[in-house]
Structure formats: C-alpha cells, structure tokens
Amino acid sequence: MAGQGRLVLVATPIGNLGDLAPRARQVLAEATLIFCEDTRRTRALLSALGIGAGDRLVSLHRHNEAAGADRIAAAVAGGALVAVVSDAGTPGISDPGALVAARLAAQGEVVTTVPGPSSVVAALTVSGLPTDRFVVEGFLPRKGSERRRRVAALLADERTSVVLEAPGRLSATLEELAAIDPGRPVTVVRELTKLHEEVWRGTAADAATEFGAREVRGEVVLVIGGASAPEPADDDALEAAVRAVWADEPSAGPRQVADRVAATLGVARRRAYEAALRLRGGGAGSGSA
C-alpha cells in the first residue's frame, strides 16, 4: 500500500536565481531528503537561498539512478517528503528523475512537481521557429551509425527539434547539418537567462560558418526547424508510379498496386487505386482485382 510521503520533482534555475519559484524554496526547505546531480552545486544553491543543507543531500546521476530510485521509494513509502533536483532546469528532461518518477508512480506513490525553468522550453520559445509541434532530441550520440541515423531522422521530421549540445561539439554538429541541408533554419541559444545570453538565428550553413570561427562557451541548446511537408504527387507522378509497379510486378492487381503506390508516394490509397483502374483500362497492367 502506498505510503503517505511524496516525491517532488523541483525545477531549479538554469541561470538566474530569481527564476526559482517560491514553492520550490518551500519544498527544498522542508524536504527530508534532496536527491541531486551534484551535491556541491545544490549545496551552493541552498546556501544562496538561506536554506541549510545539513545531511539531506544525496547524489543522483545516470550511473546510480536505479539504486537511488530504490532508496527514494523506501523513503517515500515511509512517509518522507523527497525532492529531486537536477543541476539546472527540470528533472527528468535529459537529466536524472524520469526513472525515479516512473518507479514511484508504478508503486502508487504520490509523484508531483514544482514546475519552472527548462532550457528546452525556454530555447524553443525564443527560437522564432514553430512551437505547435516539437520533439526533444536531447543529446545526440557522439559518433557512429547511431548518430547518422538520428541526424537523418531529425532532419526528416516535420516538427521543430530541440537538441542539447556541448559547446565543444556545436561546430561539428552544425557542419553535419549544413552538409545535408544548408538552408535549414536553426537557432543557437546559449547561456539562457545569464549575463552573456545569446540567441542566434539563421540557416544551418550560416550557423556552421559563424560558430566554426569562434570559441563557444556555456550551455547550448540548438533548435532546428522541421522538414517541409512533401508536395502532393501530381497525376503524372502518380501514373508513373503505377506503371513502375506493374513493370516490376505484371501480375499485381489494382488493389496491390494501390497499396504500394500509396505507401511510396504518401497519397490516399483510393486515389492510387483509381489511377490503377484508369491505366489498367488503357492496357498498362494485366492483373486482376
């Protein structure tokens, strides 16, 4: 049976300390335990807030999150108020916290949040790119086939993509994007809410030139515009696709042809089927329905 405790995911400032919510201060002051990525950074945050850390701070990072989840679950089941924070921003978004929240939710414990700063949402909203549909890519793999696959999928996505990037790898990532789609709109957001905040907007090619020519420091978020929706196939393209299917598979019936053409061109199956019927009547195919 679920205990009377609570797990609270607390968003902390990504730069400006004034962005901390009053309720976040209260939870951090009252929590029995505070699980955090870097105990030194969280201790400094609490000190700046005038809150004593005592022996409440426990390290929680990607290498020990599973074990940490067990300890958090036991504490919450015993009635404790447990806070989870990342070094900056919202826990669980490319930072520890998601596994813990899932574990406790599955056990029926109370999992809640003090919402607030998030570099992902902040960068997206100032990017000038569409925000109605977006995807968070997090950190890309550093190299290899998995990286190439992820980059290709990202550039094929019609949604705006938000990518977290290390400053030392930003130039290489921009060069990779520019080599594939130089005109793709991108926004490079650096040091959000801090003294040297920068929001740069342009194309992938211009970004590769700009950031390849200077040293980049600080926290970086890269926002990439979505791929353009494909133009609908015209009648000539549709009929050419139907003929190509029949040339490859003369015995296929109009329904089979329609399935293949609809999947290839992204058109409505009915439209592809009607084209197949027209061409069959003109002798383009010999299959039966």
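Distances over 31 Å make up what percent of all Cα-Cα pairs in the chain?
In whole percent, the share of Cα-Cα pairs in the chain beyond 31 Å is 49.
Given springs between every Cα pair under 10 Å in a Gaussian network model of the chain, which of Ser228, Ser94, Ser251 has the largest fluctuation?
Between Ser228, Ser94, Ser251, it is Ser251 that shows the largest mean-square fluctuation.
Taking a ≥ b ≥ c as the square roots of the Cα gyration tensor eigenvalues, with a/c under 1.5 meaning rounded and otherwise prolate when a/b beats b/c, else oblate, which class fits segment 1-57? Don't skip to the end; give the middle numbers.
Values: a/c = 1.93, a/b = 1.51, b/c = 1.28.
Prolate, since a/c reaches 1.5 and a/b exceeds b/c.
Would you work out which of Ala98, Leu20, Ala122 lies farthest towards the positive end of the dipole of the chain? Charges go on Cβ: Lys and Arg +1, Asp and Glu -1.
The listed residue farthest towards the positive side: Ala98.
Quick check for me: using +1 on Lys/Arg Cβ and -1 on Asp/Glu Cβ, what's the dipole size of the chain about its Cα centre, in debye to the nearest 20? Walk me through the intermediate numbers first.
On the way: 33 positive and 35 negative charges, 119 e Å.
My answer is approximately 580 debye.
Tell me, what is the FRET efficiency for Arg148 and Ala106 to the nearest 0.05, using R0 = 45 angstrom and their Cβ-Cβ distance as r?
Between Arg148 and Ala106 the formula returns 0.80.
GNM, the chain, Cα, under 10 Å: largest mean-square fluctuation among Gly97, Gly128, Gly253?
Among Gly97, Gly128, Gly253, the largest GNM mean-square fluctuation belongs to Gly253.
Where does the charge balance sit around Leu277 when Lys and Arg score +1, Asp and Glu -1, over other residues with C-beta under 12 Å from its C-beta?
Working: positive: Arg255, Arg270, Arg271, Arg278, Arg280; negative: Glu239, Glu274.
It works out to a net charge of +3.
Shape of segment 93-145 from its Cα gyration tensor (a ≥ b ≥ c, root eigenvalues): rounded if a/c is under 1.5, otherwise prolate when a/b > b/c, or oblate?
Details: a/c = 2.71, a/b = 1.42, b/c = 1.91.
Judged from the Cα gyration tensor, segment 93-145 comes out oblate (a/c at least 1.5, b/c at or above a/b).
So, counting K/R as plus one and D/E as minus one, what does the shell of residues with Cβ under 13 Å around Ala244 add up to? Numbers along the way, then the final one.
Values: positive: Arg243, Arg260; negative: Asp236, Glu239, Asp248, Glu249.
Local charge sum for Ala244: -2.
State whether segment 235-281 is rounded, prolate or oblate according to the following rule on the C-alpha gyration tensor (a ≥ b ≥ c being the square roots of its eigenvalues): a/c under 1.5 gives rounded; otherwise a/b larger than b/c gives prolate, and the remaining case gives oblate.
Details: a/c = 1.33, a/b = 1.27, b/c = 1.05.
Rounded is the answer for segment 235-281, as its axis ratio a/c remains below 1.5.
Over segment 127-225, what is the relative contact order in percent, taking alpha-carbon pairs closer than 8 angstrom and at least six residues apart?
On the way: 168 pairs, mean separation 34.4, N = 99.
The value is 35 percent.
In the neighborhood of Glu30, defined by Cβ-to-Cβ distances under 13 Å, what is the net charge if each Lys or Arg adds +1 and each Asp or Glu adds -1? Show your work: numbers first, answer last.
Working: positive: Arg6, Arg23, Arg25, Arg56; negative: none.
Neighbour charge sum, excluding Glu30 itself: +4.
Bear in mind these aren't lab numbers, they're just calculated from the coordinates by the rules spelled out. Quick caveat, the model's predicted, so the values are computed rather than measured. Every residue, glycine among them, receives a Cβ derived from its backbone with ideal geometry; neighbour counts consider all protein chains shown.
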